[in-house]
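The values are calculated or read from the model by the stated rules, or taken from the named source; none is laboratory data. Not measured: the values here are computed from a predicted model. Positions of Cβ are generated from backbone atoms using ideal geometry, with glycine treated the same way; all protein chains shown enter the neighbour counts. Please note that ligands, DNA and RNA were not included when accessible areas were found on the heavy atoms of the full protein model with its side chains. Shrake-Rupley method; radii C 1.70, N 1.55, O 1.52, S 1.80 Å.
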Amino acid sequence: MKLDPQRQKTLLELANLERSLASGVSGRVSPEQETLDRLEAEQIRLRDAASAAQMAVDDIDNEILRIQSDERKLRRRKKDGQDALGAETDPERRRDLTHDVYTAKSRIADLMSELQEAHNEIHALRNNRDLAQERIRQQEQRIEGAREARDAAVAATAQVEDPRDIITRLAESLPADVIAEYERQRAENGVGVAQFNGRSCTGCAMVLPAGPIALVRNTPADVLPQCPECGSYLVRNHA
């Protein structure tokens, strides 16, 4: 295939762009979006942890309310028993009342011990909850910064010409018969045109023997030689 050396560079640029699109390089998620996605996933885990911490605090709060309610009931029971003792003369009835007052006192002492333990526990749980909430606030700041970076990257990308438009423009600048032959070869091996770096074809990455290398190098400058391994048309460094 004949083509002047300067246009050979244009054809090679066209082929490289089409290979990039075919490989999906242009559709990859940007590093900025990957960072944002990772931070948002971490935020979900942090919120779950904060919810669990709040539930633990709520459970102990309810336990404290239960203990306090039971304590109030027992103190009323103790007072009622003591008042009844003051007026009761029957020995058997006094024995029952005395036992009831003693039981109330004993249970009140147990509840006060439970209440102290609950207060100690809720202090630690509230610290844990507050720490979890602070981590969420810090993560929200990181996410905001990541969103700004992502949006800036999207805006910058929007200012770059679409590779498909570049491909169309390059194709229109080349002879129709050259494009047809390039497309035929590309359909055959998926490459079409590749760079020859002096020893190998970048289309198949094969290092050529000395004989084919000499043949490629000695091909006239306005002629595109073909790789003996994959058939791709080769653009040489001097082109």
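Under the condition of being surrounded by 13 or more Cβ atoms within 10 Å (Cβ to Cβ) and of a type in the set (Asp, Glu), the residues counted in the stretch 121-138 number 2. Among the numbered conditions (1) crowded, with 17+ Cβ neighbours inside 10 Å; (2) under 30 Å from residue 202 (Cα atoms); (3) under 41 Å from the mean Cα position of the chain (by Cα), the only one that residue 53 does not meet is (2).
Being open to solvent by less than 80 Å² (accessible area, probe 1.4 Å) and either touching a strand residue (DSSP E or B) at 6+ places or on another chain (Cβ under 7 Å) or not β-branched (Val, Ile, Thr) (or both) is the filter here; which residues of the stretch 56-81 pass it? Within the stretch 56-81, 56, 58, 61, 63, 68, 69, 70, 71, 74, 78, 81 meet the criteria. If only residues of the stretch 190-239 that are of a type in the set (S, T, N, Q) and open to solvent by 30 Å² or more (accessible area, probe 1.4 Å) are counted, the one that is nearest to residue 14 (Cα to Cα) is 195. Going by what's in this entry, would residue 204 be described as in contact with an Asp or Glu (Cβ under 8 Å, 6 or more places away or on another chain), over 30 Å from residue 43 (Cα atoms) and touching a residue at least 24 places away in the same chain (Cβ under 8 Å)? In short, yes. The conditions of being open to solvent by 80 Å² or more (accessible area, probe 1.4 Å) and under 60 Å from the mean Cα position of the chain (by Cα) are not met by residue 19.
Kindly establish whether residue 154 is surrounded by 12 or more Cβ atoms within 10 Å (Cβ to Cβ), under 35 Å from the mean Cα position of the chain (by Cα) and modelled with pLDDT under 95. Yes; evaluated as a whole, the condition is true for this residue.
Here is a yes/no grid of residues against (1) closer than 30 Å to residue 237 by Cα; (2) in contact with a helix residue (DSSP H, G or I) (Cβ under 6 Å, 6 or more places away or on another chain):
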| residue | (1), (2) |
| --- | --- |
| 115 | no, yes |
| 122 | no, yes |
| 143 | no, yes |
| 148 | no, no |
| 169 | yes, no |
| 178 | yes, no |
| 189 | yes, no |
| 207 | yes, no |
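Residues in the stretch 69-123 that are assigned to a helix (DSSP H, G or I), of a type in the set (Ser, Thr, Tyr) and more than 60 Å from the chain's Cα centre (by Cα): 98, 102. The condition of being within 41 Å of the chain's Cα centre (by Cα) and at negative phi holds for only one of 184, 164, that being 164.
Taken over the stretch 187-239, the residue count meeting the criterion of being in a loop (DSSP other than H, G, I, E, B) and either under 48 Å from the mean Cα position of the chain (by Cα) or under 19 Å from residue 17 (Cα atoms) (or both) is 24. Summed over the stretch 157-182, the residues that are open to solvent by 70 Å² or more (accessible area, probe 1.4 Å), over 18 Å from residue 5 (Cα atoms) and among the charged types (D, E, K, R) give a count of 4.
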